[in-house]
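Colleague: Please read through the structure below; I'll follow up with questions.
Laboratory data are not the source of any read-out in this text; all were calculated from the coordinates shown. A quick note: this is a predicted structure, and the numbers were derived from the prediction, not measured. Counting neighbours? That spans all protein chains shown, and the Cβs are built from the backbone with ideal geometry, glycine included.
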Amino acid sequence: MRFAVSLISAIAAFTATTSVAADAQTTGLRRISPEQYRQIVTDVFGADIKIGGRFEPDRRDSGLLALGSAKISVTQTGLEQYDGMARNVAAQVIERRELIPCKPAATTAADDACATQFLGHVGKLLYRRPLTDSELKAQVGAANAGAKNLKNFYDGLELSLGAMLTSPQFLFRREVSEPDPVRPGQYRLDAMSLASKLSFLLWNSGPDAILMAAAESGELGTSKGYAKQVDRMIASPRLEEGARAFFSDMFAFDDFEKLAKDAKIYPLFSSEVNKDAAEETLRTVADLLVTRRGDYRDIFTTKKTYLTPILASVYGVPLPRTGLANGEPDAWVPYEFPKDDPRAGILMQISFVALHSHAGRSSPTIRGKALREIMLCQRVPDPPGNVNFTVVQDTTNPNFKTARERLNAHATEAMCTGCHKITDPMGLALENLDGGGGFRTHENGAPLDTSGVMDGVKFTNGAELGRVVHDSAAATRCIVNRVASYAIGQNAANSNATWLKTLEQDFIKDGHRIPDLLRHIALSEEFTRATLTQTAAADTAQGSSK
Amino acid sequence: MTRQLCTGLTLAAALMASAAPAVAETRGYVVSWFTHGMYNVEGDCPGGVNPPIEIQWVKDLMDIGKTKEEAQKIIDQALSGNRDAHAIIMNRGRVGDKWVNAYNNPQTVKDPEMTWIHSKYGVGFNLDGKEGPNGFEEPETGEKGIDNQMFRALGCINNLRAKPPLRSSDTEQWWYLIQDYQPAWLISITAGDFKNDNDATITFQRALEHPSRDANSQTRANMTYRMDGDPRSHTEIKGKIKDGVFTAASDQSLSMVGDLLVMHKLDLHQANVRMKILDDGSIDGYIGGYQPWVQVFYPIAAGGTNFEMNVNHDIPGIYYLLKKHADAYPDPKTGENTAISATWRIEGVPAFLVPAERPGKQQASGR
C-alpha cells in the first residue's frame, strides 16, 4: 500500500515537475482510457503483448467518457491494478530480447549505457515526450539498482519499465501550454502536448515517431507543418482506430460490460453476441465513414453491415462459416440486408436495441430516450421517483399484449405523459426488434404497430424512423458537438457556440464527412490553443494524499 | 439456400411478406437432440431394472472364478481409478486359456441375462404390418403392432430409461459430449403446405460444420450450415403432412454417418418417419426401421470400462440383449437375425442450409 500512496503523491506532484519551461503551465489532464492503454502498449511493444486485469471504471460526462476522463483520478485499488498490469507487461517485454536494442556487457550486472538507450527510447513513447535528463537518470538508476540487487541486468530493466507503466506521466495525458508567439499574451499547447492531443483524437494512441519528430523539430509549430501532419494522419488507415474509439464512447458501448439478458427469454443472446454486437456497429460506421468516406447520416439508413455467423443467427439471416475449420473463431463478413428486409441502420442493430432494453423485454421508452440523448444530444428527464411501473412491466397481462398497449395504459397518469411523448414514438418504431435483437411482427399474438411521429415527421416502422433521424438537423448538430467536445475534452456547447456553428456549416457543406470534420477541428484554434480544463485528477490526488 | 422459407429471403423479410400462393417451400433444421426411442412407464421391467454396474460386475467376476470378496476388491479398486483393476474387468472374456477384451469379444463372456421391457406401450412404427406378440401400442397414435425391439432390449437399463419429453441421463451426456465435435445432422422438409400436403419430402444429411450452442448451451437456432453432399449421409424420403405432422413409410434405407460415441453409422432399412412441425419453427418426432443391431452395440462397446462404470452398462450384457431381440434380416447361413427394429427420437431447430459447393457470396474478412 505504501507503493500506491507514493504513486498518488506522484500524481499530486505531476503538475509541478520541472520537465517544461518555467513559463509553461499544465492546462489539461486526462486519464488515458483502457483502449488507449492497450493501443499504446501495442504500438510500443507489439500486438502479442497480453494485458490482463481490470481497469478502473471511467466516468461519463455530457455524454462522453472522454469528458469524464478529465475529472477522474486513480484510486488506491486502481493503482494496484495498474501496478499488476505494468509488472505483467514489463515481464513480457523483457522476455522478448528483440525489443531491447542493445546487449549489456554482462547479463549479471548493471549496464548504464544499455539501460539508458532502452529506457530513453521506450520512455519517450510511453510519456509521449522525451524524458528529461533527471527523469532518465532516475529510471536508469532504478534499473541499475535492481540489476545490482538481483544480479541480473534484465530484471533491473523490468523493474524500471514496470515503474514507468505506472507513472502518472504514462497514465495521464497532460496538456502543457506555452506563450503563443503569434498571439502575444495568449497561450498555445506546446508541441509535444499538441502532438499527443492530435494523435489521441485521430488514432486513439500516442504520437508515432514521425509526429514526434515534427514536434521536436518545430515543424508542428508552423501552420503548414502542422496541417501536413494532420493530413497525413487523416489519410492513414489508423484513422479507423480513432473513429472506433470515438463512436464506442458516443454510443456508450462500455455498457455492454454490464449488460445481461435472460437466457430463457433470449436464448440466442449468448456471451458471443454480447461481445460481438458493439463490434458489428463499429465495423459498420468505420467502413461507411472512414473507409468509404461516406455521409455520416447514412449510418441511420444503411443496409450494409458486418456479421459473424452467430450474429446472423440472431438476425435470422443466412451466413455460412465459409473457409474456416471447425473450432476456429468466426470471421467477420460484410453483409447487406436485402432490399425487402425491413431492417436498416444502426438503430435496428443489436447494439442499439439490446443495449437499450431490459433483461427480459424490450423498452420503447429506454430506446427512445437513448435515441434522443445519444444521437440527437437532447436531454430527457429521469422519471420521478414515485412512478408505478406495474402495468408496463407486466408482459403477461392479456388486456395489454403489446408494449404500445401497456405504455398507453401507463401514460394515463398525467405526470408520465409529457416525457413519454418525446421518447415512446421512436422506441415503438423499433418494436419489431425484441430485447435480444431478434425480429418479430407480433407480441403475445398481437400484431405490432410501429408507426409514429418524431418532431412532426411521420414514420411507419424502424427503417423509416432511421430516415427521419437521417434527415434531422438535430442529428447533424449533435455529431458536430460530440466530435468537437471529444476533441477538446470539454463540452463545446458550453463556451464555443460560434465555433460549433462554423463546424456545422462546414460539415454540411463537405457532405457530412467525419474525416473532413476531424480535419476542421484539428486545424482550428480552439483545438490547438491552450484551454484551461479541470485538473481534478491532480486535485483529487492531492486530496487523497493528505 | 434452404431455410428456404422463401429462397433468398431473410427470416424477417419472410415474416413481413403477405400471404403468397402455395409454392413448394423447403424448411431447414439442424438436429438438436438424437436418442433411442424410449417410452418407459412404471412397472415395465418386472422384477425391477437391471442392477447398477458395481453389482453386475460382482456377478460377472464370479462367473470367471473370482470369489465374492475378490470381486468386490477389484471393483472397489476399479471405481477408484486403478488401471490394473480396469484391465481385469475389461479382459474378462475367455478364449481357450487366454483372457481377452470382453468389449471386443462379448461372445466370450457368459450371458449375464439382463432383463428387458415387458410393456404394452412403445414408440415407433409397425414395420411389418403385423400385430404380433412383440408389437407395442404407440402411445401417441394408438397404432398397434409397433416394432421397436431396440427399446425392448435396452429399456430396462436405468440410465437409458426415459419417457418423452424427458431425456435419459445417459444419452443426454452423450449428446452434450458430441455437440462440439460432430458435424451437425441436417433435416429439410419440402412441401407446398406445411399443415396438410400429400406430396412432401423429408431429407436427411450432414453438415460440414459442428452445431453451435445458444445461451442455454442448447443447439442454436437460425445458424447457417453447409450441406456436406456426401452420399453416405443423404436420404430423401417422400411422405405426406397431415395436421402439421409429416409421416412417411418407405422401403428406402435412411443412412447417416455419425460420431462413434452415439452412432458411428446409422442405416435404417424400411425407414419410417413421423415428425411434428411445430409452430415455434422446430420439429420433434421419430425415425424408425430395421437397423443392423451391431450398429447399436458398437458405440456402446467402444466406451469400454469407463463407459460401463459411468453409465451403468454391462457391455457384453447389451450384446446379448440386442442379439436376443433382433427381429429381421436373418443371415442366410446362420439364420440369426442381423437387424433389430429400432426407433430413434429426433428434435430439430430451424437452420439455414446452403450448398457447400456454392462459392460464398459474402466473403470472409479478417481484421
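Colleague: Looking only at Cα atoms, what is the convex hull volume of chain B per residue, in Å³?
Modeller: In chain B, the Cα convex hull volume per residue is 173 Å³.
Colleague: In addition: Which residue fluctuates the most in chain B, going by a Gaussian network model with Cα springs under 10 Å, if the choices are B:23, B:109, B:41?
Modeller: B:23
Colleague: State whether region A:50-173 is rounded, prolate or oblate according to the following rule on the C-alpha gyration tensor (a ≥ b ≥ c being the square roots of its eigenvalues): a/c under 1.5 gives rounded; otherwise a/b larger than b/c gives prolate, and the remaining case gives oblate. Kindly include the intermediate steps, with their values, before the conclusion.
Modeller: Details: a/c = 2.56, a/b = 2.02, b/c = 1.27.
Here region A:50-173 falls in the prolate category.
Colleague: Still on this structure, I have one more. Shape verdict for region A:342-387, please, from the Cα gyration tensor: rounded (a/c under 1.5), prolate (a/b greater than b/c) or oblate. If you can, show how the numbers build up before the last one.
Modeller: Numbers: a/c = 3.00, a/b = 1.39, b/c = 2.16.
It comes out oblate by the Cα gyration axes.
Colleague: Moving on to the next point. Using each residue's phi in region A:379-390, evaluate 6.51 cos²θ - 1.76 cosθ + 1.60 at θ = phi - 60° and report the 3J(HN,Hα) Karplus result to the nearest Hz, with x for Gly and Pro.
Modeller: Rounded to whole hertz, the list is 9, 10, x, 5, x, x, x, 10, 7, 8, 9, 3.
Colleague: Something else about it: Round to the nearest 0.05 the FRET efficiency obtained for residue B:105 and residue B:64 when R0 = 22 Å and r is the Cβ-Cβ distance.
Modeller: In this case the efficiency is close to 0.95.
Colleague: Using +1 at the C-beta of Lys and Arg and -1 at the C-beta of Asp and Glu, which of A:313, B:157, B:289 has the Cα lying farthest in the positive direction of the dipole of the protein assembly as shown?
Modeller: The residue sitting farthest along the positive end of the dipole is A:313.
Colleague: What is the Rg over Rh value, at two decimals, for chain A, using alpha-carbon atoms and the Kirkwood definition of Rh?
Modeller: Taking Rh as the inverse mean 1/r over Cα pairs, Rg/Rh reads 1.01.
Colleague: What are the extents of the Cα atoms of region B:178-278 along their three principal axes, in Å, largest first?
Modeller: 37, 31, 21
Colleague: Let me ask something else. Go ahead and run the numbers for FRET between residue A:326 and residue A:303, Cβ-Cβ distance against an R0 of 30 Å, rounding to 0.05.
Modeller: 0.45
Colleague: Apply the Karplus curve 6.51 cos²θ - 1.76 cosθ + 1.60, θ = phi - 60°, to the phi angles in region A:298-304 and return the couplings in whole Hz, x for Gly and Pro.
Modeller: Going residue by residue, I get 5, 5, 8, 10, 5, 9, 8 Hz, with x marking Gly and Pro.
Colleague: If you don't mind, another one. If each Cα of the protein assembly as shown is one equal point scatterer, what is log10 of I(q)/I(0) from the Debye formula at q = 0.07, 0.08, 0.11 Å⁻¹?
Modeller: Computed log10 I(q)/I(0) values: -0.77, -0.91, -1.22.
Colleague: Let me test this: with uniform point scatterers at the alpha carbons of region A:369-441, what is the Debye-based log₁₀ I(q)/I(0) at q = 0.18, 0.20, 0.22 1/Å?
Modeller: Here the Debye-derived log intensity ratios amount to -0.81, -0.99, -1.14.
Colleague: For the ranges A:311-324, B:113-126, what's the packing order if you count other beta-carbon atoms within 10 Å of each residue, average per peptide, and put the highest first?
Modeller: Result, highest mean first: A:311-324, B:113-126.
Colleague: Another question, if that's okay. Treating only the Cα positions of region A:263-348 as identical point scatterers, give the base-10 log of I(q)/I(0) from the Debye formula at each q in 0.20, 0.25 Å⁻¹.
Modeller: Log-scaled intensity ratios, in q order: -0.99, -1.33.
Colleague: Tell me which lysines have Cα within less than 26 Å of residue B:163's Cα, excluding those fewer than 8 residues away on the same chain?
Modeller: A:264, B:120, B:130, B:144, B:242, B:265, B:276, B:323, B:324
Colleague: Could you size up the charge dipole of region B:53-108 around its Cα centre, putting +1 on the beta carbon of Lys and Arg and -1 on that of Asp and Glu, and report it in debye to the nearest 20? Please report the intermediate quantities before stating the final value.
Modeller: On the way: 8 positive and 8 negative charges, 26 e Å.
The dipole magnitude comes to about 120 debye.
Colleague: From the alpha carbon gyration tensor of region A:347-478, can you work out the equivalent ellipsoid semi-axes (sqrt of 5 times each eigenvalue) and give them in Å, largest to smallest?
Modeller: 22, 18, 13
Colleague: Stokes-Einstein D for region B:32-119 at 20 °C, 1.002 mPa s, Kirkwood Rh over Cα pairs, in µm²/s?
Modeller: 144
Colleague: Peptide A:321-328: average number of partner chain Cβ atoms within 10 Å per residue?
Modeller: Mean inter-chain Cβ contacts per residue within 10 Å come to 5.
Colleague: Can I ask one more? Spit out the partnerless Cys residues in chain A, using Cβ distances under 4.7 Å as the pairing rule.
Modeller: Result for chain A is A:416, A:419, no neighbouring Cys Cβ within the cutoff.
Colleague: Now, a different point. How big is the equivalent ellipsoid of region B:110-173 along its three axes, where each semi-axis is √(5λ) from the Cα gyration tensor, reported in whole Å from largest to smallest?
Modeller: Ellipsoid half-lengths, sorted descending, are 22, 16, 8 Å.
Colleague: Using only the Cα atoms of region A:427-518, what semi-axes does the equivalent ellipsoid have when each is the square root of 5 times a gyration tensor eigenvalue? Give whole Å, largest first.
Modeller: 35, 14, 11
Colleague: Quick check: convex hull of the Cα atoms in region A:243-471, volume per residue, rounded to a whole Å³?
Modeller: Values: hull volume 30.9 nm³, N = 229.
Expressed per residue, the convex hull around the Cα atoms of region A:243-471 is 135 Å³.
Colleague: Take peptide B:216-228, look around each residue's Cβ out to 10 angstrom, count Cβ atoms belonging to other protein chains, and average those counts.
Modeller: Neighbouring Cβ atoms belonging to other protein chains average 5 per residue here.
Colleague: So, with +1 on the Cβ of K and R and -1 on the Cβ of D and E, and no other charges, what is the size of the charge dipole of region A:349-470 about its Cα centre, to the nearest 20 debye?
Modeller: 160
Colleague: How big is region B:109-236 along each principal axis, measuring the range of its Cα positions in Å and listing the largest first?
Modeller: Result for region B:109-236: principal-axis Cα extents of 45, 41, 29 Å.
Colleague: In percent, how large is the relative contact order of chain B, given Cα pairs closer than 8 Å and 6 or more residues apart?
Modeller: Values: 807 pairs, mean separation 81.6, N = 367.
Reported relative contact order: 22 percent.
Colleague: If you don't mind, another one. If each DSSP helix of 4+ residues adds -39,500 (n - 2.57) and the sum is divided by the residues in the protein assembly as shown, what number results at 222 nm, nearest 500 deg cm²/dmol? List each step's numbers first, then the result.
Modeller: Values: 34 runs with 351 residues, N = 913.
It comes out at -11500 deg cm²/dmol, rounded to the nearest 500.
Colleague: Grab the Cα-Cα distance for residue A:107 and residue A:183, subtract it from 0.36 nm times how many residues apart they are, and report the gain in nm with one decimal.
Modeller: That pair, residue A:107 and residue A:183, stretches by 22.0 nm at full extension.
Colleague: Quick check: residue separation of residue A:25 and residue A:91 times 0.36 nm, minus the Cα distance between them. What number comes out in nm? Don't skip to the answer; put the middle values down first.
Modeller: Working: separation 66, 0.36 × 66 = 23.76 nm, distance 3.52 nm.
Computed gain between residue A:25 and residue A:91 is 20.2 nm.
Colleague: Can you classify region A:473-528 as rounded, prolate or oblate using the Cα gyration tensor, where a ≥ b ≥ c are the square roots of its eigenvalues, rounded means a/c under 1.5, and otherwise it's prolate if a/b beats b/c and oblate if not?
Modeller: Cα axes put region A:473-528 in the oblate bin.
Colleague: Could you state the per residue volume, in Å³, of the convex hull enclosing the Cα atoms of region B:10-156? Provide the component values of the computation, followed by the final result.
Modeller: Values: hull volume 36.4 nm³, N = 147.
It is 247 Å³ per residue.
Colleague: Give me the lysines in straight-line cross-link reach of residue A:339: C-alpha distance below 26 Å, same-chain residues under 8 apart excluded.
Modeller: Within the straight-line cut-off, residue A:339 pairs with A:303, A:304, A:458, B:361.
Colleague: Another one. List the residues, sorted by chain then number, that are 5 or more residues from residue B:337 or on another chain and whose placed amide H is less than 5 Å from its amide H.
Modeller: The list, which skips near neighbours in sequence, is B:331.
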